[in-house]
1. If I ask for residues that are open to solvent by 40 Å² or more (accessible area, probe 1.4 Å), of a type outside the set (Gly, Ala, Ser), more than 23 Å from Gly93 (Cα to Cα) and outside any loop (DSSP other than H, G, I, E, B), which ones from the stretch 47-62 would you list?
2. Which one is farthest from Arg68 (Cα to Cα), of the residues in the stretch 4-31 that are assigned to a loop (DSSP other than H, G, I, E, B) and in contact (Cβ under 8 Å) with a residue 60 or more places away in the chain?
3. With the stretch 63-159 as the region, which helices (runs of 4 or more DSSP H) entirely inside it contain at least 1 residues that are open to solvent by less than 10 Å² (accessible area, probe 1.4 Å) and either under 28 Å from Asp187 (Cα atoms) or basic (Lys, Arg) (or both)?
4. Might you check whether a residue that is open to solvent by less than 30 Å² (accessible area, probe 1.4 Å) and of a type in the set (S, T, N, Q) occurs anywhere in the stretch 185-195?
5. What's the number of the only condition in (1) over 23 Å from Ala319 (Cα atoms); (2) surrounded by 20 or more Cβ atoms within 10 Å (Cβ to Cβ); (3) in contact with a strand residue (DSSP E or B) (Cβ under 8 Å, 6 or more places away or on another chain) that Pro212 fails to meet?
6. Residue under question is Asp192, and the condition is that it be assigned to a helix (DSSP H, G or I), over 22 Å from Ala266 (Cβ atoms) and either in contact with a His (Cβ under 7 Å, 6 or more places away or on another chain) or at pLDDT below 95 (or both); does it hold?
7. Under 7 Å between Cβ atoms, which residue pairs at least 6 apart in sequence (or on different chains) link something in the stretch 327-344 that is polar (S, T, N, Q) with a partner that is buried (at least 19 other Cβ atoms within 10 Å of the Cβ)?
Amino acid sequence: MNKINPHRLKKVHFIGIGGIGVSALARMMLLEGKKVSGSDATLSEITAELSVRGVTIHEGHDRVHVPRECDLVVYSPAVRGNNPELLFARELGIPTYSYPEMLGRISKGKKTIAISGSHGKTTTTAMLAEVFVHAKKDPTVVVGSVLGKQKSNFIGGKGKYFIVEACEYRRSFLHLSPYILVITNIDNDHLDYYGTLRNVQKAFNELARKVPKNGYVVCNPKDKKTKPALVGVRARVIDYTHERVPELPVPGEHNRMNAGAARAAARAAGVFAKDADVALRKFHGTWRRFEYKGKMKNGAMVYDDYAHHPTEIRATLAALRGEYPQKRIIVAFQPHLYSRTRLLLKDFAKSFKDADLIILADIYAAREIGDGTIHSRDLATRIG
C-alpha cells in the first residue's frame, strides 16, 4: 500500500461514495479544503447532499470518472477488485486505500476512541459524540448512521479526539489505533467470514491488545462471550455495567447498556459524569435505530430499525413491547444476507416472540449472490 501524507492531498476520489462510512470521509476531505469527487452504482439522498456541498458525483463506475491529477482514491469495502475505476487508478500509480485503511491513517494522527461490538456500536458512537460535543471537546466523529442534531454521519472537530465506529467485518477494525476501546458486546455475527464465534472473539482480542498500557478497554468483562477477548490486554479494563445511567429518551435495556458504555468511555477521557448525563438525557437516537417515522391515518405508529441479527431483533421488539404493552405490534422484516439467514435461521425464528404479526420480504442480497439454498419462506415456516 502506498504511503501518503493526508495534509498534502489536493484531489481525492471516492468509489462507493454513497456508503454511510465512505461519505463521512468525503465530508472530512471536503472540510479540509480538498477537491472531492466520487462515484456510486446508484444515486441517493447522500450523494445528492454531497453534490450540493460541491462534490463532483458520477452515477455508475467508469475509468473516466477518475481525475488524472488525483492524489488518492478511497474505495468502499463493497467495491470489487475488478472495478474499472480502481483498476485505472492503480494503472496510473495513484495511491489507493480502502475505507478501513483510510480510517487507520486518520486514527494514527488522533487520540482515537473506537466503538466496537456486534450490536449497539452505532448508537453508542452517537451517544458518545453527543457527550463530547456537549462537553466542548470538539471531537472528530465518523459514525455509521446520521446523527440526530447534526443531521450528518460526520463531525469535523479540531480537538484531539477521534470517535469512530469500528466495524469487525473482515477484521477491518484492526487498522485502527485506539487509545480507548469500547466493546459493547460480542456475538455470532459475520459467520460468512469468521466461521465460528471463537474466530470473532480472536479478532476482538487482537484489537483489544492494540490498546496501550495507559489506555482503556470499556466492556462487560463478566460477559462470557466478551471475556475471551480480554486475554493478554495491557490496558485498564473498565466495566460499563457499573455506570449509573440517567433516564433516557430512548427505550430499551439495550440502550441503557449502550449509554453505560458511552458514559464510561467519556469518563475515561476526562469528561465529568454530570456533563455526560446532561447529553444522554437529551439523546433521541439516530437514523434507522428505533427511529419514529410518524403516524398512519388509522393511528398506527411507524418505527424504522436496522436490526438484522436475532439478538438485535429481540432487543428492539422487547423495547417496543415495553413502551406499548397493550398495542398490537406488526413487524415488516427483510432478512439481510443469504448467509446470515441460513446460518442463524433457528435463532431468527425465535426472535419475534414480542410481535403479533410478521410480514417477511425477500432476502436482501447486499454483497452476496443467492444459490437457492435459503429463502424467506424457510424463515416463515420456522416461525409458523
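The values are calculated or read from the model by the stated rules, or taken from the named source; none is laboratory data. Everything quoted here is computed from the prediction, not taken from an experiment. Cβ placement follows ideal geometry from the backbone for every residue including glycine, while neighbour counts extend to all protein chains displayed. Ligands, DNA and RNA are stripped out before the accessible areas are found, and what is left, the full protein with its side chains, is counted by its heavy atoms. Shrake-Rupley method; radii C 1.70, N 1.55, O 1.52, S 1.80 Å.
1. Looking only at the stretch 47-62, we keep the residues that are open to solvent by 40 Å² or more (accessible area, probe 1.4 Å), and these are 48-49, 51-54, 56-59, 61-62.
Keeping just the survivors that are of a type outside the set (Gly, Ala, Ser) gives 49, 52-53, 56-59, 61-62.
Remaining after also requiring more than 23 Å from Gly93 (Cα to Cα): 49, 52-53, 59.
Of everything in the stretch 47-62, those that are open to solvent by 40 Å² or more (accessible area, probe 1.4 Å), of a type outside the set (Gly, Ala, Ser), more than 23 Å from Gly93 (Cα to Cα) and outside any loop (DSSP other than H, G, I, E, B) turn out to be Glu49, Val52, Glu59.
2. Step one: filter the stretch 4-31 for residues assigned to a loop (DSSP other than H, G, I, E, B), giving 4-5, 9-10, 16-19.
Next, from what is left, pick out any that are in contact (Cβ under 8 Å) with a residue 60 or more places away in the chain: 4, 9-10, 16, 19.
Numbers: Ile4: 17, Leu9: 14, Lys10: 12, Gly16: 18, Gly19: 23 Å.
Within the stretch 4-31, the match that is farthest from Arg68 (Cα to Cα) is Gly19.
3. Working: elements: 84-92, 99-108, 121-134.
Result: 99-108, 121-134.
4. Let us first name the residues in the stretch 185-195 that are open to solvent by less than 30 Å² (accessible area, probe 1.4 Å), namely 186-187, 189-190, 194.
Subset that is of a type in the set (S, T, N, Q): none.
No; the residues of the stretch 185-195 include none that is open to solvent by less than 30 Å² (accessible area, probe 1.4 Å) and of a type in the set (S, T, N, Q).
5. It is condition (2) that Pro212 fails.
6. Details: assigned to a helix (DSSP H, G or I): yes; over 22 Å from Ala266 (Cβ atoms): yes; either in contact with a His (Cβ under 7 Å, 6 or more places away or on another chain) or at pLDDT below 95 (or both): yes.
Yes, satisfied.
7. Thr341/Pro335; Thr341/Phe348; Thr341/Ile363; Thr341/Ile374; Thr341/Leu379
Per-residue answers, yes or no, for (1) within 16 Å of Leu103 (Cβ to Cβ); (2) of a type outside the set (D, E, K, R):
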site: Lys10; (1), (2): no, no
site: Leu25; (1), (2): yes, yes
site: Ala48; (1), (2): no, yes
site: Arg53; (1), (2): no, no
site: Ile57; (1), (2): no, yes
site: His65; (1), (2): no, yes
site: Val74; (1), (2): yes, yes
site: Val79; (1), (2): yes, yes
site: Glu85; (1), (2): no, no
